[in-house]
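Since the structure comes first, as structure tokens, the remarks are kept for the end.
The values are calculated or read from the model by the stated rules, or taken from the named source; none is laboratory data. Keep in mind it's a predicted model, so treat the numbers as computed, not measured. With ideal geometry, Cβ positions are generated from the backbone for all residues, glycine too; neighbour counts draw on all protein chains shown. Accessible surface is based on the protein model in full, side chains and every heavy atom, while ligands, DNA and RNA are left aside. Shrake-Rupley method; radii C 1.70, N 1.55, O 1.52, S 1.80 Å.
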Amino acid sequence: MQQLFRSDVALGLPLYREVKHKLMESLRDGEWKAGDMIPAEKRLCERYGVSVGTLRKAVDELTAENILIRHQGRGTFVASHSQDRYMFGFFHICPKTGQKEYPKVEFISLSREKADADSARRLGIGKGSKVLRIVNRLSLSGRPVIVDQIVLPERFFPGLTEFQLRERRTTLYQLYQDSFGVAVLRTEERLDAEGANAEVAELLSLDQGTPLLHIVRRALSFRDEVVELRHSWVLTTDHEYFAGERGQASE
């Protein structure tokens, strides 16, 4: 039994927060993987030595954070990545008028490189470490609008191939999860404006230097490891960044 002790709550945090911490430890340690059903309430209450009410508060918070998902009559599961979850949780580009739509993703290239200083810093790895660089072009309403440059630490994705990227029928995050056991828990994003460089300008059929929205995203796993660095350049003539819920759409 993995009961909580008084030393665990010495900082004065509510007991359910300590239960939440223990549940997250189990997720980080891989005891329960994406798509797995967690043990029944009775077993978890016995494991942690807490009441059902305390346990439910902890699970409620993890559910609100989209880490766990309740399925009525079936149980509570570790969230797994689907196209809808990606759209509603991580994709924030939508038309200035109208609802968000699924982008058409076109694979451009995959290369194996050594991390430059900026990528290494953002990924938390050593400069010169082996990384994979993926370039995709995303179209909305039939027009190229976004260029994604994705940098992955190679150690998390050994053997990733161009075929897997070109022929995938799901999101990248689900590919990470299903093929490499890497589950993205959360992301961090920073926004600024940049002029289109030569590569991006060509892919979006723009003049070099055209102002674009630049989004830098870090994707983190259950272990708080940075598993992906993504630079996105977005043409905002007809689209904008929107992180809330609008009608029926989001990524």
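7 Å from Cα along Cα→Cβ at both Glu113 and Ile69: what's the point-to-point distance in nm?
3.4 nm
Kindly report the accessible area of region 92-201 per residue (heavy atoms of protein chains, probe 1.4 Å, no ligands, DNA or RNA), in Å².
Per residue, region 92-201 has an accessible area of 51 Å².
What do the square roots of 5 times the Cα gyration tensor eigenvalues come to for region 141-251, in whole Å, largest first, as semi-axes of the equivalent ellipsoid?
26, 17, 15
If the cut-off is a Cα-Cα distance under 19 Å, which lysines reach Lys130, setting aside same-chain residues fewer than 8 apart in sequence?
Excluding near neighbours in sequence, the set is Lys114.
Which distance in nm do the two modelled labels at Thr161 and Glu61 give, with both placed 7 Å along the Cα-to-Cβ direction?
For the pair Thr161/Glu61, the computed spacing is 4.4 nm.
Where nothing but the Cβ of Lys and Arg (+1) and of Asp and Glu (-1) is charged, how large is the charge dipole of the chain around its Cα centre, in debye to the nearest 20?
In total the dipole reaches around 680 debye.
Quick check: convex hull over the Cα atoms of region 150-211, volume per residue in Å³, rounded to an integer?
With only Cα atoms used, region 150-211 gives 130 Å³ per residue.
About the Cα centre, and with charges only on the beta carbon of Lys, Arg (+1) and Asp, Glu (-1), how big is the dipole of region 115-248? Nearest 20 debye, please.
420 debye
Excluding residues on the same chain fewer than 8 positions from Lys20, give the lysines whose Cα lies under 17 Å from its Cα.
Partners found: Lys33, Lys42, Lys57.
Which of the lysines could a cross-linker span from Lys96 if the Cα-Cα distance has to be under 29 Å and same-chain partners fewer than 8 positions apart are dropped?
Lys104
Translational diffusion coefficient of the chain at 25 °C, 0.890 mPa s, Stokes-Einstein with Kirkwood Rh over Cα pairs, in µm²/s as a whole number.
123 µm²/s
What residue among Ala40, Ala120, Ala201 has the largest mean-square fluctuation in a Gaussian network model of the chain, using Cα springs under 10 Å?
Ala40
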